[in-house]
Amino acid sequence: MATDAKVIIIGAGIIGGSIAWRLAQAGAAVTLLDAGTFGAEASWAGAGMLAPGGEFAQRSQWAEFALASLAMYPAFVEELRSETGLPIDYRTCGEIEIARNDSEWQELRARRATQQEAGIRSEFTERGLFYPDEAVVDPRQVMDALRRACEQRGVEIREQTRAIAVRTADGQTEVETTSGKLTGSAAVLAAGAWAGEIPVHGPHGRIETPVSFPVRGYLFGFSLPPGSMGPVLRHGHTYVTQRSNGYTIAGTSSEQVGFNREIDAQVIADIRARVFDLVPELRAAGEPEIWLGFRPATPGFEPAISRLPDVPVWLAYGHYRNGILMAPATAARIAKEITSSWGKG
């Protein structure tokens, strides 16, 4: 255990929080920064669907990564519960991708054939394609537990502290922030949609990092009786999922409008129509709670999970719609790489 290792993590969402927890378990002294508050952006806004079948149409390294992370979720959640004593609503409920016409049925048949090659299990039902292994989790409860787990492990959480730049020299990292400079043996850039705004400088100048940008999405929340829905229902970009307590989340939109937090009434009306068409019972559920979030994307819509060449800086951002799903595997990979680098320079 390398107790002299100091790691600075930029971004306190589910990715940064999970990495901080794992590194602290391994004996690192961790400082976790966030320009806002712990878990208050995409991690707070997410619906919590853990659904490789709905996100990956064919075999790829990221489909395999997502499946591996889904397999890690039960143990990930149980460990957090055990360490903190906090509840986390997690369940495997499956998901149905609905088909309404011959063309959509054909698309699902083709999708199932390519997904089987990736190891994504599914079967046909009267309504569409059923994915039995898909699960849901309450990301807000995950974030509450991660915060407590980090605090119990001695992670220093600095909120309202924006990272301005990362600089490396002689195997060390320096993070310039709005509250001063921090020095450590490694840094992790996990600032989600904001990660691309933070330059990284090596001994020979600025190091190119993948561009990141926000993709805005709205979600609706309805209060329904517990158990009134079964599997997640999905039709194209429209979905409805339910928590164990009956709280039902529906969405969504996908807009590249920067960090614009203004509510667009036209987009809301479109989502409302699609959601009510998918689950007509929601019409009688009362006026929903409405919120938005910024999914962190890269130009290729693939995450950046890697070490930058020749410097002790790791990237962990750009997960787009799958940050909650990929958090366990991302944390395991980054923590393993960092701990393996201890003593190697």
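The values are calculated or read from the model by the stated rules, or taken from the named source; none is laboratory data. None of these values were measured; they are calculated from a predicted model. Every residue, glycine as well, gets a Cβ built from its backbone with ideal geometry; the counts of neighbours run over all protein chains shown. Calculation scope for accessible area: heavy atoms of the full protein, side chains included, ligands and nucleic acids excluded. Shrake-Rupley method; radii C 1.70, N 1.55, O 1.52, S 1.80 Å.
Side notes on the structure shown:
- Considering residues of the stretch 152-195 that are of a type in the set (Lys, Arg) and touching a residue at least 40 places away in the same chain (Cβ under 8 Å) only, the residue farthest from Gly11 (Cα to Cα): Arg153
- For Ala5, the conditions (1) more than 25 Å from Gln242 (Cα to Cα); (2) in contact with a helix residue (DSSP H, G or I) (Cβ under 9 Å, 6 or more places away or on another chain); (3) modelled with pLDDT of 95 or more all hold with the exception of (3).
So that you can scan it fast, the table gives a plain yes or no per residue for (1) over 26 Å from Thr330 (Cα atoms); (2) open to solvent by 20 Å² or more (accessible area, probe 1.4 Å); (3) not in a loop (DSSP other than H, G, I, E, B):
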| site | (1), (2), (3) |
| --- | --- |
| Pro214 | no, no, yes |
| Gly227 | yes, yes, no |
| Thr248 | yes, no, yes |
| Glu262 | yes, yes, no |
| Asp270 | yes, yes, yes |
| Ile290 | yes, yes, yes |
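- Selected residue (criterion: surrounded by the most Cβ atoms within 10 Å (Cβ to Cβ)) from residues of the stretch 39-98 that are charged (D, E, K, R), free of Cβ contacts under 8 Å to residues at least 60 places away in the same chain and over 25 Å from Gly236 (Cβ atoms): Glu79
- Failed item in (1) open to solvent by less than 10 Å² (accessible area, probe 1.4 Å); (2) touching a Leu at 6+ places or on another chain (Cβ under 9 Å); (3) over 17 Å from Gly318 (Cα atoms), with Ser18 passing the rest: (3)
- Reported count of residues in the stretch 37-81, each being hydrophobic (A, V, I, L, M, F, W, C), closer than 23 Å to Val240 by Cβ and out of contact with any Leu (no Cβ under 8 Å at 6 or more places or on another chain), is 5.
- Residues that are under 30 Å from Asn101 (Cβ atoms), open to solvent by 10 Å² or more (accessible area, probe 1.4 Å) and not acidic (Asp, Glu), drawn from the stretch 124-161: Phe124, Thr125, Arg127, Phe130, Pro132
- Residue match in the stretch 41-49 (condition: on the phi < 0 side of the Ramachandran plot, among the hydroxyl-bearing types (Ser, Thr, Tyr) and not in a loop (DSSP other than H, G, I, E, B)): yes
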